Structure formats: C-alpha cells, structure tokens
Amino acid sequence: MNFNKSRHGVELHLHLDGGSRPATIFKYAKQKNILVPGNDAVEFESSLIVKQPNSLGSFLKTFDYLLPPIVGDAEAITQVTLDFLEDCVNKGGLGYVEPRFSPHFFAGNGLSVDEATKTVLSALERGSEMFDIQCRAILCMMRHCPKWSDEVVSLAMKYQPHGVVAVDVAGDDKPCDGTNTDALIKSAFQKAHKNGLHCIAHAGENGCAASVTEAVYEMYSERIGHGYHILEDATIYSDTKTKNIHFEVCPLSSRLTGSVTCDWTKHPVHYFLRDNINFSFSTDDPTVTGQWLLAEKKMLTTEVGVTHEQIQQANLRAANACFLKADEKEDLLNHLRTKGGSGSISSN
C-alpha cells in the first residue's frame, strides 16, 4: 500500500457531512431554492462556524443547514465527498483518513439508503486516486433513531469489500446512566462484531463515564469517540487504560460542545498525556469548528500546551488504532517512522 511521501497526518474521527465544503453546499442550496443563512458562500461559511462554547445540541443544529441541499442527490453527494478528500489533503495534511457518515442522512428524494452508501463509497474511491490519499469508511448508527441500526450494519457487511471497515453510533449520549443505549443499537453492534466489523461508539462525550463501559463491554467498542467523562470515574478510567481502549480526542470540538471546561489547562488531554492513555487527535467536524487538522495541531501547541513530540506520538497511536488490515497498517507505520513522518504541524 503506497502512502504519499509528503503527507503523514492520520485522522480517525472525522464526519463527512461535518467536513462539507460550505461553498458547495451553498451552491446546491441556491439551485434548489433551499433557504440557508448568508447572502453568499463566504457569509454562509461564517454562519456555520460555532464560535462560542455552548452545548452539543446547539453544535449539532448546524447540520440542519449542511444536509438538506444534498439529500437524495447523487451528484451533490459525490461532489461533497470529493471536496472533503481534497480538503483532507490541503487543509488537513492527511495521508490516511477514516471518514464516517450516516447513510440515512444522505438518502431521500428517490435515492435509497443503499444507493446513498454506494454513492459515497464510489466517490471516496475516486477521490482517493485523484488526491493521493488513503481512506477507509465507517458507517454510523444514530442514537436518536435506533430503528436504522440493523440496516446500517447490513450495509457495512455488504460493502466491506468496498472500503467499509467499521460501524459507529453517533449522537447525544445523554441522559445517561450507563445503560441508556437502545437495545436495537446493542443488537446491531453484536451482529457487526460477529461478522468481522470493527466497532466504535461516541460515548462519554455529553454523557457519563459509565456510557464508555457500556460501549466497551456491551457494544464491542475498540475505539471511543471523545470519552472525556471517563475522568469522572477512577475505576472506569483505570479499566479503559488496562484494556488499551483508543480514544479519539477532538480538542476544539469538545470545547465548543460544552463537553469539557473552557480552561485549556484543565482539558482531558493533559490527564491523558500524564497517564499514558491511548488516544489521538482529530477535528470531528471542521466545517463547524472552523479548522482542519493542520490548524488544530497548531492550536494544540500555541494554546493548549501540547508539544510537537506529543502530537507526533499521538499520530503514531492513530496509525496503530486504524482499521487497515495488518500488512497495510504496517506499511502505514513504516511510512510514518521515516524521517519527518510522524505528523508535522506545518502545511504541505
């Protein structure tokens, strides 16, 4: 497996719709007479960026503008996906990425969930060649609509030969008592696990630490999206470290969703570094946060207090935690171990 020699970034937690190019969304909105904020693409882009910490619910409202202009439109979905990979390269400095998306969010207007999935995967394959970036896809269940879950897993199984490597569950994990995930979602994860798919869950972001335990022990999660609230339970914190669970940490996103304190000196990343927790850095939704991974890394060094070496080590952990096949993963790790190959924060 060949990786671009000039790019070494690895990103594991990146939502396709949350990385949509605003100018493209704006174009399709105007073509279809769909009302969106702003008089032009520049104003629209600015309106999408969450500038002050609030809540996860408030953060997610942005998607009310990102999705309607492209739903059920194979051409629009293809263009958004190609734009996404180009921005992963130029703004993220990425050589490998695992974009995730909910197939049901793209279906509609005559485009079935299966067709929407196939459209995205075909565009990812095409864009990978166009922009010289390697990628694998993750399909998302949604906590607010558990009835979709079994179909998501069936689609993931069907398209395993076409780049799908894992399933995830996204959405607000609160209210939470550690047993709040719908039985339909848990059943779908069991099906995924039995059929050789990797499993991830958004957990411990807006909900309690126990939601991480639920994800690991009942949903077979090898990686956790966010997971910051494990710090509130010493037993769970210790257990996830012992099991070497990988946490996909999204620093700016976590601040803007109100999942963590606004005080960068007390951000969970500092505790994760101190305690040698297995984690990496991602952006989550760069269209909403306003920055891709290159800018996120610069923010980490200039505002959060993370060193260049710590960023490089996190990049290697991301590669170790990715869902490539064993030989492909070793190729990626060898690529990163070359001189300068473990995650520069400079643009390419």
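Does segment 64-78 hold any residues that are open to solvent by 50 Å² or more (accessible area, probe 1.4 Å) and either under 20 Å from the mean Cα position of the chain (by Cα) or of a type in the set (Val, Ile, Thr) (or both), and which are they?
Hits for segment 64-78 are Asp64, Tyr65.
Residue by residue, here is whether (1) out of contact with any strand residue (DSSP E or B) (no Cβ under 9 Å at 6 or more places or on another chain); (2) within 29 Å of Ala203 (Cβ to Cβ); (3) open to solvent by 30 Å² or more (accessible area, probe 1.4 Å) holds:
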residue: Met1; (1), (2), (3): no, no, yes
residue: Leu16; (1), (2), (3): no, yes, no
residue: Ala23; (1), (2), (3): yes, no, yes
residue: Tyr28; (1), (2), (3): yes, no, no
residue: Asn33; (1), (2), (3): yes, no, yes
residue: Val42; (1), (2), (3): yes, no, yes
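Looking only at segment 218-248, filter to residues that are under 21 Å from the mean Cα position of the chain (by Cα) and open to solvent by 60 Å² or more (accessible area, probe 1.4 Å); which one of those is nearest to Asp182 (Cα to Cα)?
Filtering segment 218-248 for residues that are under 21 Å from the mean Cα position of the chain (by Cα) and open to solvent by 60 Å² or more (accessible area, probe 1.4 Å), the one nearest to Asp182 (Cα to Cα) comes out as Tyr220.
Would you check if Thr261 is free of Cβ contacts under 8 Å to residues at least 12 places away in the same chain, in a helix (DSSP H, G or I) and surrounded by fewer than 21 Cβ atoms within 10 Å (Cβ to Cβ)?
Considered against the rule, which asks whether it is free of Cβ contacts under 8 Å to residues at least 12 places away in the same chain, in a helix (DSSP H, G or I) and surrounded by fewer than 21 Cβ atoms within 10 Å (Cβ to Cβ), Thr261 comes out as no.
Assuming Ile277 fulfils every condition listed in (1) buried (at least 19 other Cβ atoms within 10 Å of the Cβ); (2) closer than 30 Å to Phe26 by Cβ apart from one, which condition is it?
The number of the failed condition is (2).
If Lys61 meets every condition in (1) surrounded by 22 or more Cβ atoms within 10 Å (Cβ to Cβ); (2) closer than 24 Å to His202 by Cα apart from one, which number is that one?
(1)
Take the residues of segment 81-94 that are among the acidic types (Asp, Glu) and either without any contact (Cβ under 8 Å) to a residue 60 or more places away in the chain or touching a Gly at 6+ places or on another chain (Cβ under 8 Å) (or both): which is nearest to Ala170 (Cα to Cα)?
Asp87
If the requirement is being out of contact with any Ser or Thr (no Cβ under 9 Å at 6 or more places or on another chain) and at pLDDT 95 or above, which of these qualifies: Leu67, Leu35?
So the residue among Leu67, Leu35 that is out of contact with any Ser or Thr (no Cβ under 9 Å at 6 or more places or on another chain) and at pLDDT 95 or above is Leu35.
Considering only segment 182-217, how many residues are open to solvent by less than 10 Å² (accessible area, probe 1.4 Å), farther than 19 Å from Thr257 by Cβ and not aromatic (Phe, Trp, Tyr)?
Counting residues in segment 182-217 that are open to solvent by less than 10 Å² (accessible area, probe 1.4 Å), farther than 19 Å from Thr257 by Cβ and not aromatic (Phe, Trp, Tyr) gives 6.
Residues of segment 304-320 being among the hydrophobic types (A, V, I, L, M, F, W, C), under 22 Å from Arg136 (Cβ atoms) and either open to solvent by less than 10 Å² (accessible area, probe 1.4 Å) or in contact with a His (Cβ under 8 Å, 6 or more places away or on another chain) (or both), which ones?
Scanning segment 304-320 gives Ala314, Ala318, Ala319.
Which residue is nearest to His15 (Cα to Cα), if the candidates are limited to segment 100-127 and must be without any contact (Cβ under 8 Å) to a residue 40 or more places away in the chain and polar (S, T, N, Q)?
Selected residue: Ser112.
What's the total number of residues in segment 43-66 that are out of contact with any Leu (no Cβ under 8 Å at 6 or more places or on another chain) and within 23 Å of Pro175 (Cβ to Cβ)?
Of the residues in that region, 8 qualify.
Could we say that Val97 is in contact with a Ser or Thr (Cβ under 9 Å, 6 or more places away or on another chain), closer than 22 Å to Asp168 by Cα, surrounded by 18 or more Cβ atoms within 10 Å (Cβ to Cβ) and in contact (Cβ under 8 Å) with a residue 60 or more places away in the chain here?
Considered against the rule, which asks whether it is in contact with a Ser or Thr (Cβ under 9 Å, 6 or more places away or on another chain), closer than 22 Å to Asp168 by Cα, surrounded by 18 or more Cβ atoms within 10 Å (Cβ to Cβ) and in contact (Cβ under 8 Å) with a residue 60 or more places away in the chain, Val97 comes out as no.
Checking the structure you have, find out if any residue of segment 189-205 is aliphatic (A, V, I, L, M) and in contact (Cβ under 8 Å) with a residue 60 or more places away in the chain.
yes
Is at least one residue of segment 143-161 among the small types (Gly, Ala, Ser), surrounded by fewer than 21 Cβ atoms within 10 Å (Cβ to Cβ) and over 18 Å from the mean Cα position of the chain (by Cα)?
Among the residues of segment 143-161, at least one is among the small types (Gly, Ala, Ser), surrounded by fewer than 21 Cβ atoms within 10 Å (Cβ to Cβ) and over 18 Å from the mean Cα position of the chain (by Cα), which makes the answer yes.
For segment 1-40, give me each residue that is part of a loop (DSSP other than H, G, I, E, B) and over 30 Å from Cys322 (Cα atoms).
Those that are part of a loop (DSSP other than H, G, I, E, B) and over 30 Å from Cys322 (Cα atoms): Lys32, Asn33, Ile34, Leu35, Val36, Pro37, Gly38, Asn39, Asp40.
Return the only residue of Cys208, Cys199 being hydrophobic (A, V, I, L, M, F, W, C), in a loop (DSSP other than H, G, I, E, B) and under 24 Å from Leu14 (Cα atoms).
Just one listed residue meets the conditions, Cys208.
The values are calculated or read from the model by the stated rules, or taken from the named source; none is laboratory data. Please read these numbers as outputs of a predicted model, since none were measured by experiment. As a convention, Cβ positions derive from the backbone with ideal geometry for all residues, glycine included, and neighbour counts pool all protein chains shown. SASA here: full protein model, heavy atoms, side chains in, ligands and nucleic acids out. Shrake-Rupley method; radii C 1.70, N 1.55, O 1.52, S 1.80 Å.
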